[in-house]
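Data block below; observations after.
The values are calculated or read from the model by the stated rules, or taken from the named source; none is laboratory data. Since the model is a prediction, treat every value here as computed from it, not as a measurement. As a convention, Cβ positions derive from the backbone with ideal geometry for all residues, glycine included, and neighbour counts pool all protein chains shown.
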Amino acid sequence: MKLSGLFNRLMSRIYPPRCPYCDGVISEDRLSCDECAKKLEVLPVCSYAMGGVPCLSPFPYDPPYSDAVKRMKFHRRPSYAPRLAAQMALIIAEREKTDFDVITCVPVHPKRIRRRGFNQAELLARELASLTEVPYEPMLRKTRDNPPQHKMNGFPEKIKNVRGLFKVEGSAPRGRRVLIVDDVITSGATLGACARALKNSGASAVSCVTVCGQRNK
Ligand SMILES: [Zn+2]
């Protein structure tokens, strides 16, 4: 057995793959458990981030999909990432929306990565990149550890909270069509601020994909 195979086996003993929608343990080759597979409804949600940037999501922000993104982030479920990214890849393929050259993600502040262990958007973006065979490249950096958007009152406060928050760093977006990945779009202010930073640095087009979207947007 190769060392990486042994490592993966040990990791899957410690963190067995789980169904994102009910958290039950599943085998490595499954996207969900049998029970959830029967109920799984992919209802693509089309919405817009701030600035009119289009965003596609396989699921609405309702249970069990909203629970999946919350557990992934707050209860350390990195094994959800390939399974949720597969649903993103499926709707992208279905809608023939493969009009991007590079995939990046909404960054989190290093302080939060230390606490959480990973950036859920980055895990999703890396998995989506390997499924779509489009390269993943980190492009954005968060300039300050701002308070969470859900703690803001109203849209104007949310916009203020993300103003100047993202800087382009790492590989250059100039002349490229960029797809930004995040776990969820709510007000669209965060993704909009990321898109703006990328466009200001010369990205020729920006679109977004998230696991969950807002149905009424
Ligand atoms: Zn399940």
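General remarks:
- A single member of Ala121, Ala197, Ala125 is over 23 Å from Ser66 (Cα atoms) and small (Gly, Ala, Ser), and it is Ala197.
- Boolean, Pro58 is within 17 Å of Ile185 (Cα to Cα) and at pLDDT 95 or above: yes
- For the stretch 64-71, the condition holds for no residue, the condition being that it is without any contact (Cβ under 8 Å) to a residue 40 or more places away in the chain and either more than 26 Å from Pro147 (Cα to Cα) or not charged (D, E, K, R) (or both).
- Enumeration of residues in the stretch 42-74 that are within 13 Å of the ligand (Cβ to nearest atom) and in contact with a Cys (Cβ under 6 Å, 6 or more places away or on another chain): Tyr65
- Scanning the stretch 202-217 for residues that are at pLDDT 95 or above and over 11 Å from Leu56 (Cα atoms) returns Gly202, Ala203, Ser204, Ala205, Val206.
- Selection from the stretch 86-145 of residues that are in contact with a Cys (Cβ under 6 Å, 6 or more places away or on another chain) and among the acidic types (Asp, Glu): Glu122
- Among the residues of the stretch 19-41, those that are surrounded by 13 or more Cβ atoms within 10 Å (Cβ to Cβ) and more than 9 Å from the ligand (Cβ to nearest atom) comprise Arg30, Leu31.
- When residues of the stretch 197-211 are limited to those that are surrounded by 20 or more Cβ atoms within 10 Å (Cβ to Cβ) and more than 25 Å from Tyr80 (Cβ to Cβ), the one farthest from the chain's Cα centre (by Cα): Ala203
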